[in-house]
1. Looking only at residues in segment B:21-41 that are surrounded by fewer than 15 Cβ atoms within 10 Å (Cβ to Cβ) and hydrophobic (A, V, I, L, M, F, W, C), which one is nearest to the other protein chains (Cβ to nearest Cβ)?
2. What do you reckon, is A:Y67 within 13 Å of another protein chain (Cβ to nearest Cβ), surrounded by 18 or more Cβ atoms within 10 Å (Cβ to Cβ) and of a type in the set (F, W, Y)?
3. Determine, yes or no, whether A:A126 is closer than 20 Å to B:P56 by Cα, among the hydrophobic types (A, V, I, L, M, F, W, C) and away from chain B (no Cβ under 11 Å).
4. Go through (1) part of a loop (DSSP other than H, G, I, E, B); (2) free of Cβ contacts under 8 Å to residues at least 60 places away in the same chain and name the single condition B:Q57 misses.
5. Given the residues A:L149, A:L81, which is the only one that is under 14 Å from A:I46 (Cβ atoms), out of contact with any strand residue (DSSP E or B) (no Cβ under 8 Å at 6 or more places or on another chain), crowded, with 16+ Cβ neighbours inside 10 Å and away from every other protein chain (no Cβ under 14 Å)?
6. Of all residues in segment B:121-161, how many are in contact (Cβ under 8 Å) with a residue 60 or more places away in the chain and basic (K, R)?
7. Count, please, the residues in segment A:216-232 that happen to be among the hydrophobic types (A, V, I, L, M, F, W, C) and at pLDDT 90 or above.
8. On the given criteria, is A:Y161 surrounded by fewer than 19 Cβ atoms within 10 Å (Cβ to Cβ), among the hydroxyl-bearing types (S, T, Y) and part of a loop (DSSP other than H, G, I, E, B)?
Amino acid sequence: MKRGPSYIIASLTTPLSLLFVVYILTSGALVKYAIVGGMITLVASIGIQSAGDATFLRLQLRLQDLYVASRVSPTDYMLALTMSFLAFSIPGIIVYVSLGVLYNLYNLVDSLIMLSLIVLLIFSTAAISFIISSLIKHVRNVWGIVSVLSIIMTVIPPTFYPYTYIMSRNSGNIIIYLMSFSPATPAAILAQFAFGLQPVVYSTLYLMMSILLIETVIYFSIARYLTRWREI
Amino acid sequence: MSARITTIIGRNGAGKTTLLRILSTQLMPTSGKATIFGLDVVHQAKEIRKRIVSIPQEASTIGILTPMEQVSMYLVGRGFSTADARKATLDALEAVGLHEARNNPADTLSGGMKRKCFVAMALAANADVIFLDEPTTGLDPISRLEVWSAIKQLQGNIILTTHYMEEAEKLSEEVFLFESGSIIDRGTIKSLLKGFENKVRIESYRKMDNSFRVGTIYIRYVPQDEATRFIKEGDSVRKISLDDLFIMRGVDFES
């Protein structure tokens, strides 16, 4: 992190900019959503953008080839890289925790829930990044794809606004289900419940918990299957 | 105990990297059977992987990491404890001449030093078989010499591919000549060059008796004591090398 500070600053730029925009547009009314959602966006976007790193390490540096011919399994490799992506989220998380403390958002239980959500989120989004990476044939193609996906999967979901804005509209349920292909959607809704920003609706709570857990398992399984551990 | 180095030599596109990737379980063969220590590369890849190291042709160091970090990270991945990895890394970096640069980010190292970093990985891993795919491609002559010297520190069985004849001559006990995915000859350097004893290669732009053409150059092999005559006529006289094995087979070798 000391040697690549721009990476951390870059990952903080979008969520902090959106936090600022939300603060201005809502005169501070939705700032708590933006703080909670900002942390979700930060972690999810680092997870998705890590497709760039995974592709670069595989195609450019041949790091993956180096580890294929060793006792390292595809799961080990993916978990190790995922943990390193999580490490890159830490400075950003500290910024959001500080903001959360400033706005009296946290207590011990909320913090533990948020920690669980962050772990599931980094695993699910990193798995998506491995899926993207395994499908890419040339490293130059990955940067554009992840930039677009990162916005679609982390900003459009209800990370910076109440999820009820969508649910209260016609076909709102369907839109939320469609948005749920991004793990940021269930994570953001669960965070809004956990931090008391929205009253808990138990059916939605259980549904979103299930979606996030199942998604994490499915994305990770697909990624493990697709990881080009031995090329054909 | 020093390493036993076997070199697979062939021109670009001959299939050297493909062979190495199949043997090191990175690429699924489309047909045929290959074994390492009697273990099948398709069905027993897991067992093979514990006993090999493979350094890919285009492997590059991670710019922000130091040699110390790169090698240790690789060893921890291979199952070394952190303490053992650190010790093995320090020993390996010392052996390949990277001790002083051990804490410098890879971005600041020369091409040769970066390649030596991978040789240090292979050395520290202490594997039974080490695959080195074109370890000196793109390096300047000095860096190449440095990497050769590092490779000589390795132990175990080394399978090395190259298209540099000189590299094969300097490093190997046994050479396999590879062309279009097949071995066209094999043996020690001495046995392969047996037919060229006391001869030199004459290269000329003019047609000579008993010569044959490779590209725009006419080539002829003559006894060493006849070389002076050709020098006087302005022809080039070359020492016999592994290049001549390919030339004799009509292979247009790119070096």
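The values are calculated or read from the model by the stated rules, or taken from the named source; none is laboratory data. All of these numbers come straight from a predicted model, not from anything done at the bench. Positions of Cβ are backbone-derived with ideal geometry, glycine not excepted, and every protein chain shown enters the neighbour counts.
1. My answer is B:M28.
2. Judged against the criteria, A:Y67 is a match.
3. Answer is no for this residue.
4. For B:Q57, the failing item is (2).
5. A:L149
6. 1
7. 5
8. Answer is yes for this residue.
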